[in-house]
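Q: Dropping a structure here in structure tokens format, bear with me for questions.
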Amino acid sequence: MNPADHTKHQLVSYVLGGLTPEEARDIESLTSNDAVLGNELMELRTSLEIMALKGAVAPSNATRASILAAMEAAIKEEEQLGRPPVMHAHSTAVDFKDWIEKPEHVLPADADTFHLIDLDLSTDRQTGLVWLKEGYPAEVHTDCVERILILEGSCIVHFSDREVALASGDVITIPMYAKHSVEVTGTCWCKALVQRVAA
């Protein structure tokens, strides 16, 4: 296999999640420093998404109802244990109001550019209330999936191959091995719920 074919094979494996953490970091480094490879990676992701949507099968009403009932039961069980629920694409601030609205969960007057209040530090997931004034430096998660729910303000999440603008009410999922940073775009603090779920 020539080097170009090997790189293409590695890109496909990266998109499908079939690389080791070290191999994934190598691909991220390559694609962030090579515009051609970065574009190729974006095209592969887009193609995979199109194929997945074309082959998507809608669940039956009974299956959908069963899944939703199981999710609601799991959420209620978590709430009874006093833990914030698992965040998902349709989460809202209302789902977390018992944790957000506690009187002590406010931004201190002397906060500099970052403030964190830990809400849950379990081994399977961590949830925190975060305030950012300017942004957050680039990072890569190798052992968890991160979800962010914007509560106030706005920001841009920068990935190696794209940018995602977020405002109050938006949720984003950041997969493992995806290098990302956050830039606050408004004049006020950006307040968010951040949850990391162990892989």
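Laboratory data are not the source of any read-out in this text; all were calculated from the coordinates shown. Remember, it's a predicted structure, so these values are computed and weren't measured experimentally. Here Cβ is always computed from backbone atoms with ideal geometry, including for glycine, and neighbour counts include all displayed protein chains.
Q: Identify, please: which residue in region 124-172 is among the hydroxyl-bearing types (Ser, Thr, Tyr) and surrounded by fewer than 18 Cβ atoms within 10 Å (Cβ to Cβ) and is, among those, farthest from Asn33 (Cα to Cα)?
A: Per the stated criteria, the residue is Ser168.
Q: Taking strands (runs of 3 or more DSSP E) that do not extend beyond region 78-147, which have at least 1 residues that are free of Cβ contacts under 8 Å to residues at least 24 places away in the same chain and of a type in the set (A, V, I, L, M, F, W, C)? Walk me through how you get there before you give the answer.
A: Numbers: elements: 114-121, 125-132, 135-139.
In region 78-147, 114-121 are the strands (runs of 3 or more DSSP E) which contain 1 or more residues that are free of Cβ contacts under 8 Å to residues at least 24 places away in the same chain and of a type in the set (A, V, I, L, M, F, W, C).
Q: Also: Please determine, by comparing only the residues of region 25-55 that are part of a helix (DSSP H, G or I) and of a type in the set (Asp, Glu), which one is surrounded by the fewest Cβ atoms within 10 Å (Cβ to Cβ).
A: Restricting attention to region 25-55, the residues satisfying the condition of being part of a helix (DSSP H, G or I) are 25-33, 35-54.
From the residues that got through so far, the ones that are of a type in the set (Asp, Glu) too are 26, 28, 40, 43, 49.
Values: Asp26: 14, Glu28: 20, Glu40: 17, Glu43: 13, Glu49: 11.
Per the criteria, the residue is Glu49.
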